[in-house]
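As structure tokens, the structure follows; a few thoughts come after it.
The values are calculated or read from the model by the stated rules, or taken from the named source; none is laboratory data. As the structure is a computational prediction, the values presented were derived from the model and not from experiment. Positions of Cβ are backbone-derived with ideal geometry, glycine not excepted, and every protein chain shown enters the neighbour counts. SASA here: full protein model, heavy atoms, side chains in, ligands and nucleic acids out. Shrake-Rupley method; radii C 1.70, N 1.55, O 1.52, S 1.80 Å.
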Amino acid sequence: AQTVTQSQPEMSVQEAETVTLSCTYDTSENNYYLFWYKQPPSRQMILVIRQEAYKQQNATENRFSVNFQKAAKSFSLKISDSQLGDTAMYFCASGLYNTDKLIFGTGTRLQVFP
Amino acid sequence: KAGVTQTPRYLIKTRGQQVTLSCSPISGHRSVSWYQQTPGQGLQFLFEYFSETQRNKGNFPGRFSGRQFSNSRSEMNVSTLELGDSALYLCASSQFDREGEKLFFGSGTQLSVL
């Protein structure tokens, strides 16, 4: 069975600073994806970044990047130059190929302060 | 392209009633999945549909059901509502492109059972 663990219930960061959100996962499968989703107060889940397990290169999307450590089953999200609009719940998730069934972590509430 | 559209946005029902939620996927997406989000249980997978066929099902009682139509629109139904069914129900549609699988979520339907 797949599991996803986010051990930081809440984080805070000052505007323009960098913050890293942690995520560990467990799976016995070889073909899987990892995702970070953002859920602002509007409650819509927004895809931030995704990583395919077979790719060694860490994914990057503008200010967002991941540190994917496959052997350690770790998938952390780094937000650079934090902005007030980054304030949201962040969920880490894993999914297998050929299915939309995602396993989500419990989330990390990120507050960006001016 | 329009995003995933869920209707209604808010719904209030009483115990014992049934409810139907609707989801229109992004144009061209053939896969639709449903998730339940509660403060206690977090985000949990309900089921997914691809080309009108249920491809995967989560661990929910038979009171939860869904279907997908030929135009990829999907509905989920909850019968004999219980207080614990109060939740945000999220629908997602997905595409598989050269970058792999990506799920896009709607804004959700907030169901309150009184």
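Being over 13 Å from residue B:12 (Cα atoms) and among the acidic types (Asp, Glu) is the filter here; which residues of region B:69-84 pass it?
Within region B:69-84, just B:75 meets the criteria.
Would you tally the residues in region A:5-33 being modelled with pLDDT under 95, within 12 Å of another protein chain (Cβ to nearest Cβ) and open to solvent by less than 40 Å² (accessible area, probe 1.4 Å)?
Number satisfying all stated conditions: 2.
Scan region B:46-62 for residues that are surrounded by 22 or more Cβ atoms within 10 Å (Cβ to Cβ) and closer than 20 Å to residue B:85 by Cα and jot them down.
Of everything in region B:46-62, those that are surrounded by 22 or more Cβ atoms within 10 Å (Cβ to Cβ) and closer than 20 Å to residue B:85 by Cα turn out to be B:46, B:47, B:48.
Just checking, does region B:10-20 include any residue being of a type in the set (A, V, I, L, M) and part of a loop (DSSP other than H, G, I, E, B)?
No.
Could you check region B:87-111 and list, in sequence order, the residues that are in contact (Cβ under 8 Å) with a residue 60 or more places away in the chain, assigned to a loop (DSSP other than H, G, I, E, B) and open to solvent by 20 Å² or more (accessible area, probe 1.4 Å)?
Residue satisfying the conditions is B:107 alone.
Given the criterion under 25 Å from residue A:28 (Cα atoms), in contact with a strand residue (DSSP E or B) (Cβ under 8 Å, 6 or more places away or on another chain) and of a type in the set (Ser, Thr, Tyr), identify the matching residue among A:82, A:94.
A:94
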